[in-house]
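S.K.: Dumping the structure here so I can ask a few things about it.
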Amino acid sequence: MSIDLGMPPLPPPTLAERRPTRQIKVGKVLVGGGAPISVQSMTTTLTSDINATLQQIAALTASGCDIVRVAVPSQDDADALPAIARKSQIPVIADIHFQPKYVFAAIEAGCAAVRVNPGNIKAFDDRVGEIAQAAREAGVSLRIGVNAGSLDKRLLAKHGKATPEALVESALWEASLFEEHGFGDFKISVKHNDPVIMVRAYELLSEQCDYPLHLGVTEAGPAFQGTIKSAVAFGALLSKGIGDTIRVSLSADPVEEVKVGSKILESLNLRPRKLEIVSCPSCGRAQVDVYKLAEEVTAGLEGLTVPLRVAVMGCVVNGPGEAREADLGVASGNGKGQIFVRGEVIKTVKESEIVETLIEEAMRIADELGDSVEGEPLVEVAGAASTPAPARG
């Protein structure tokens with residue numbers, strides 16, 4: 001069955017062509033070279049607590065995370081890596097900051113990739129050849145992760161502070177050391193907590209190399225602030241085609257990082273859209289509680305995986321037009337709601353019945369669409385496919 005969706009046409013328009021880069025593998029995930037932009041996060045558990053770490057990885061996987069990073073500051077954490085790498089459903093990156101020996105431990109443990117921080121890791125420059133050889137033999141890729149807060153002291157002395165130029169110089173210097181040993185399976189990040197400095201650093205870096213780039217605003221802050229800073233910075237770069245994998249760094253549950261990162265990519269048509277709620281901000285013209293309606297509809301459709309645009313509108317000014325443009329919508333007023341399906345009014349219901357009706361119609365449309373996409377789950381529940389969720393009031 002063919003369904004005329006209100007979503008953007010395929011392929012959806014984007015703001016710029018992707019920057020051409022070489023391609024690397026992070027386990028089963030391709031990064032760069034035209035591969036889809038992947039979303040990463042990092043566990044907050046003690047890596048040495050294998051069960052807790054695997055549980056959090058499972059939650060991240062269910063939320064749409066493509067790659068997960070785990071911290072390895074101690075030998076106990078390194079000892080836990082084989083079990084975590086083996087049992088994780090998505091590629092695991094070991095995050096190494098201070099001890100080169102943990103780089104080799106992570107490679108031996110079967111991690112898909114290793115992140116090294118050249119500003120922190122001791123004796124890194126002298127052991128690049130060994131790391132390159134071990135990674136090459138194991139088919140493991142690396143990330144050269146430069147952070148403003150841990151910039152090499154030599155470069156801080158030269159530039160005075162963590163300028164965009166200093167971040168880029170650090171990254172390219174370490175890249176050149178690997179290149180001397182014929183190793184190029186790595187991506188680069190140049191993170192800063194200031195979006196303006198971060199954006200400029202990535203712009204400069206993209207002009208000087210063809211390595212895939214991992215985007216991130218480091219220490220972006222609590223959920224609201226960090227979401228804004230990340231969205232601004234990522235939008236500025238991705239709109240120019242810069243960026244191959246992203247991580248939103250929030251002082252919040254890492255699942256929220258994945259949700260924000262995925263939504264940023266969806267908003268720029270860089271990841272297929274799923275559920276999208278179009279709702280008005282409300283104003284003096286609104287004759288219903290738009291906030292409550294939008295929240296209840298969103299909660300009722302949580303987990304829906306098919307592309308569906310649902311408009312929840314609170315008055316007659318823009319409501320009917322917006323509702324007609326969506327797959328499903330309601331234009332509310334005078335204690336009632338006109339329910340639109342693909343541009344046509346199918347019924348008028350009481351205000352108290354709007355949420356239930358929208359959820360019922362959304363599930364019906366999702367069911368029809370699911371029939372045309374064989375094998376695709378309609379609703380995600382804890383990472384597993386299920387039948388459509390029942391309507392909820």
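S.K.: With a 10 Å cut-off between alpha carbons and a GNM built on the chain, which of 111, 283, 209 moves the most?
M.R.: Evaluated over the chain, the most mobile residue of the options is 283.
S.K.: Given a cut-off of 26 Å, name the pairs among 28/229; 25/263; 259/336; 229/263 whose C-alpha atoms lie farther apart than that in the structure shown.
M.R.: 28/229; 259/336
S.K.: How far, in nm, would the chain grow between residue 23 and residue 224 when pulled straight, counting 0.36 nm per residue and subtracting the alpha carbon separation? Intermediate results must be reported in sequence, preceding the final value.
M.R.: Values: separation 201, 0.36 × 201 = 72.36 nm, distance 3.32 nm.
Using 0.36 nm per residue and subtracting the Cα-Cα distance, I get 69.0 nm.
S.K.: Now for a different question. Cα to Cα, under 18 Å, and not fewer than 8 places away if on the same chain: which aspartates and glutamates meet these conditions relative to residue 347?
M.R.: 322, 325, 327, 356, 360, 361
S.K.: Here is a further query. Hey, can you find the accessible area per residue of the stretch 24-268 for me, probe 1.4 Å, expressed in square angstrom?
M.R.: On the way: 9340 Å² over 245 residues.
Per residue, the stretch 24-268 has 38 Å² of solvent-accessible surface.
S.K.: Can you give me the long-range amide H partners of residue 278? Hydrogens built in the peptide plane at 1.01 Å from N, cutoff under 5 Å, separation of 5 or more residues or another chain.
M.R.: Excluding prolines and chain starts, which carry no amide H, the hits are 310, 311, 312.
S.K.: In straight Cα distance, which lysines are under 18 Å from residue 161, not counting same-chain residues fewer than 8 positions off?
M.R.: 153, 191
S.K.: Let me ask you something else. Could you work out the relative contact order of the chain, using alpha carbon pairs under 8 angstrom and six or more residues apart, expressed as a whole percent? Present the calculation step by step, with values, prior to reporting the outcome.
M.R.: Details: 843 pairs, mean separation 60.2, N = 393.
Normalised by residue count, the contact order of the chain is 15 percent.
S.K.: Can you give the longest run of the chain that contains no GluC sites (Glu not before Pro) sitting in a DSSP loop with at most 15 other Cβ atoms inside 10 Å? Could the numbers behind the result be given before it?
M.R.: Values: sites that count: 17, 180, 302, 374.
With GluC sites (Glu not before Pro) excluded where exposed in loops, the chain gives 18-179 as its longest stretch.
S.K.: If the elastic network links every pair of Cα atoms under 10 Å, which of 187, 101, 259 fluctuates the most in the Gaussian network model of the chain?
M.R.: Of the options given, 101 has the highest mean-square fluctuation.
S.K.: Taking the 0 to 90 degree range and rounding to the nearest ten, how far is the long axis of helix 75-87 tilted relative to the main principal axis of the chain, both from C-alpha atoms?
M.R.: For helix 75-87, the angle is close to 50 degrees.
S.K.: How much accessible area per residue does the stretch 275-371 have, in Å², with a 1.4 Å probe? Please list the in-between numbers first.
M.R.: Numbers: 4430 Å² over 97 residues.
Result: 46 Å² per residue.
S.K.: Another one. By its C-alpha gyration tensor, with a ≥ b ≥ c as the square roots of the eigenvalues, how is the stretch 178-300 shaped: rounded for a/c under 1.5, else prolate for a/b larger than b/c, else oblate?
M.R.: On the way: a/c = 2.57, a/b = 2.42, b/c = 1.06.
Because a/c hits 1.5 or more and a/b exceeds b/c, the stretch 178-300 counts as prolate.
S.K.: Does anyone have the angle between helix 195-208 and the longest principal axis of the chain? Alpha-carbon axes, 0 to 90°, nearest 10?
M.R.: Approximately 60 degrees, to the nearest 10.
S.K.: So if I average 1/r over every pair of distinct C-alpha atoms in the stretch 1-119 and take the inverse, what Kirkwood radius in Å does that give?
M.R.: Details: mean 1/r = 0.0629 Å⁻¹.
Value: 15.9 Å, from the Cα pair sum.
S.K.: Please report how far the C-alpha centroid of the stretch 17-46 lies from that of the stretch 222-281, rounded to the nearest whole angstrom.
M.R.: Cα centres, the stretch 17-46 to the stretch 222-281: 15 Å.
S.K.: Continuing with this model, one more query. Using the alpha-carbon atoms, what tilt in degrees (0 to 90, nearest 10) does helix 128-138 show relative to the longest principal axis of the chain?
M.R.: The helix 128-138 is inclined about 50 degrees to the chain.
S.K.: A further question follows. Find out how many positive minus negative residues lie around residue 50, taking Lys and Arg as positive, Asp and Glu as negative, among other residues whose Cβ is under 15 Å from that of residue 50. Kindly include the intermediate steps, with their values, before the conclusion.
M.R.: Numbers: positive: 86, 87; negative: 49, 76, 77, 79.
Cβ neighbours under 15 Å give a net charge of -2.
S.K.: In the chain, carbon and sulfur make up what percent of the accessible area (probe 1.4 Å)?
M.R.: On the way: 9060 of 17500 Å².
Carbon and sulfur together cover 52 percent of it.
S.K.: Let me ask you something else. Just the C-alpha atoms of the stretch 275-371: what Rg/Rh do they give, with Rh taken as the Kirkwood radius? Could the numbers behind the result be given before it?
M.R.: Working: Rg = 12.0 Å, Rh = 12.9 Å.
Reported Rg/Rh (Cα atoms, Kirkwood Rh): 0.93.
S.K.: Just to check, using Stokes-Einstein with a Kirkwood Rh over alpha carbon pairs, what's the diffusion coefficient of the chain at 10 °C and 1.306 mPa s in µm²/s? Present the calculation step by step, with values, prior to reporting the outcome.
M.R.: Working: Rh = 22.7 Å.
So the translational diffusion coefficient is about 70 µm²/s.
S.K.: Using Cα springs under 10 Å in a Gaussian network model of the chain, which residue among 349, 248, 29 shows the largest mean-square fluctuation?
M.R.: Fluctuation is largest for 349.
S.K.: Moving on. What is the stretch 275-371's relative contact order, in percent, from Cα pairs under 8 angstrom and six or more apart in sequence? Before the final figure, lay out the partial values.
M.R.: On the way: 185 pairs, mean separation 22.6, N = 97.
Value for the stretch 275-371: 23 percent.
S.K.: Just the number, please: percent antiparallel of the DSSP beta bridges in the chain, rounded to the nearest 5.
M.R.: On the way: 19 of 56 bridges.
Percent antiparallel among DSSP bridges in the chain is about 35.
The values are calculated or read from the model by the stated rules, or taken from the named source; none is laboratory data. All values derive from a computational prediction rather than experimental measurement. For neighbour counting, all protein chains shown are included, and Cβ atoms are generated from backbone atoms with ideal geometry for every residue, glycine included. Side chains are part of the model used for accessible areas, which takes the heavy atoms of the whole protein and leaves out ligands, DNA and RNA. Shrake-Rupley method; radii C 1.70, N 1.55, O 1.52, S 1.80 Å.
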